[in-house]
Amino acid sequence: MILGRVNKHGSGPFSACALHGGPGGAGEVNDLARALHDQTGCSILEPWQSQDSVAGQVTELAAQIQTHTDRPIAILGWSWGAWLGCLLTRDHPDLVSHLVLIGSAPFDAESHKSIKPTRMAKFSPAQLDELKQIVPHLSDPQVARRFSELYEISDAYDPIDTPLPEVQIDMDINSAVWGEAKPLRDRGDWPTILREITCPITAIHGVDDPHPAAGVFETLKVAQPGTNTILLNKCGHKPWRERHASDQFYDHLKAILAL
């Protein structure tokens, strides 16, 4: 297997691994990983997933971590990366010291239904039309940047005015991996998957995230009652980019990495 690119923030030993969303949105957590390294001095891995199957991404991620460290590290999984982090931790418990779910996609099908309407309601008619025009061309880096800018409108509460990282969006990966991952939720598999995780879990979610926190926290409450659940006020889908919540968010991560 040819492994996807791995950005290193610091020279090691590595304390955490930040996982991007999508699937297929490589680079989305670059600013998170970079800022966390700058604030803590901890070395952070930022792997880019290149495989087009769920099992392939889990195997690839395990190999990426094993290539760069010989000790368990914290997994910081954002959005789709939260799901990927769960699957990795279940299958490779020896690699993970703490699992952190950031803005996770909901674990139940009913909660998922509200995401698209909540997002679409934030856009003007002109922005909705622009989205329709650009989605077929997301492989173009400039188009991908504009797509990210538009989703700041739907997904953020009050975003910090800093440049978005460069993101490489691969819709083939997105379609293939999501096509396999969606049935895990629709069949109700997540409680069983989560019960098999043995390391500490922290779930961090914004009150204003279009992905409803209840769809994450309620499943965790049943499957993993020891989970530390943190709800951030005035916060959308990317806590590290939120003006009112980013300091609290980083404080929680710092506490986890200091354990």
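Provide the per residue accessible area, probe 1.4 Å, for the chain, rounded to a whole number of square angstrom.
Values: 11320 Å² over 259 residues.
For the chain, the solvent-accessible area averages 44 Å² per residue.
Listed cross-link partners K234/K254; K8/K132; K113/K221; K132/K234; K182/K254; K116/K234 are compared with a 26 Å cut-off, the Cα-Cα value being larger for K8/K132; K132/K234; K182/K254.
Normalised radius of gyration for the chain, please: alpha carbon Rg relative to 2.2 N^0.38 Å, two decimal places.
Details: Rg = 17.0 Å, N = 259, 2.2 N^0.38 = 18.2 Å.
Expressed relative to 2.2 N^0.38 Å, the Cα Rg reads 0.93.
In the range 47-113 the Cα-Cα distances spread across 10 Å bins starting at 0 as 21, 54, 22, 4, 0 percent of all pairs. Taking the Cα centre as origin and putting +1 on Lys and Arg beta-carbons and -1 on Asp and Glu beta-carbons, what dipole magnitude results for the chain, to the nearest 20 debye? With Lys and Arg at +1 and Asp and Glu at -1, about 300 debye. Between the C-alpha center of the range 177-235 and that of the range 128-166 there is a gap of 25 Å. A full extension of the chain between V222 and K122 corresponds to an added length of 32.8 nm, given 0.36 nm per residue minus the alpha carbon distance.
On a full-extension model of 0.36 nm per residue, what is the gain between A63 and V6, subtracting their alpha-carbon distance, rounded to one decimal in nm? Walk me through the numbers on the way to the answer.
Numbers: separation 57, 0.36 × 57 = 20.52 nm, distance 1.10 nm.
Additional length available on full extension: 19.4 nm.
Under the rule that an exposed site lies in a DSSP loop and has at most 16 other Cβ atoms within 10 Å, name the longest stretch of the chain with no GluC sites (Glu not before Pro) of that kind, not counting the sites themselves. After excluding every exposed loop site, the longest remaining stretch is 1-165.
Size of the dipole of the range 23-77 about the Cα centre, Lys and Arg at +1 and Asp and Glu at -1 on the beta carbon, nothing else charged, in debye to 20?
Details: 2 positive and 7 negative charges, 31 e Å.
My answer is approximately 140 debye.
Here the extension length gained between D91 and R195 equals 36.2 nm, from 0.36 nm per residue of separation less the Cα-Cα distance.
Let me check I've understood the local charge: for A214, count other residues with C-beta under 14 angstrom from its C-beta, Lys and Arg +1, Asp and Glu -1. What total comes out? Intermediate values should be presented prior to the final figure.
Details: positive: K113, K221; negative: D108, E110, D208, D209, E218.
Around A214, the surrounding residues sum to -3.
Quantify, in whole percent, the carbon and sulfur part of the accessible surface of the range 107-220 (1.4 Å probe; protein heavy atoms only). The C+S portion of the solvent-accessible surface of the range 107-220 is 54 percent.
Report, to the nearest whole %, how much of the accessible area of the range 43-101 belongs to carbon and sulfur atoms, 1.4 Å probe, protein only. Mind showing how you got there, number by number?
Details: 770 of 1620 Å².
Carbon and sulfur: 47 percent of the exposed surface of the range 43-101.
Any idea what the alpha-carbon Rg over 2.2 N^0.38 Å comes to for the range 205-253? Before the final figure, lay out the partial values.
Values: Rg = 11.1 Å, N = 49, 2.2 N^0.38 = 9.7 Å.
Output field value: 1.15.
Here the sum of -39500 (n - 2.57) over DSSP H runs of 4 or more residues, divided by the residues of the chain, equals -13500 deg cm²/dmol at 222 nm, to the nearest 500.
The values are calculated or read from the model by the stated rules, or taken from the named source; none is laboratory data. Since the model is a prediction, treat every value here as computed from it, not as a measurement. We place every Cβ from the backbone using ideal geometry, glycine too, and count neighbours over all the protein chains shown. Ligands, DNA and RNA are stripped out before the accessible areas are found, and what is left, the full protein with its side chains, is counted by its heavy atoms. Shrake-Rupley method; radii C 1.70, N 1.55, O 1.52, S 1.80 Å.
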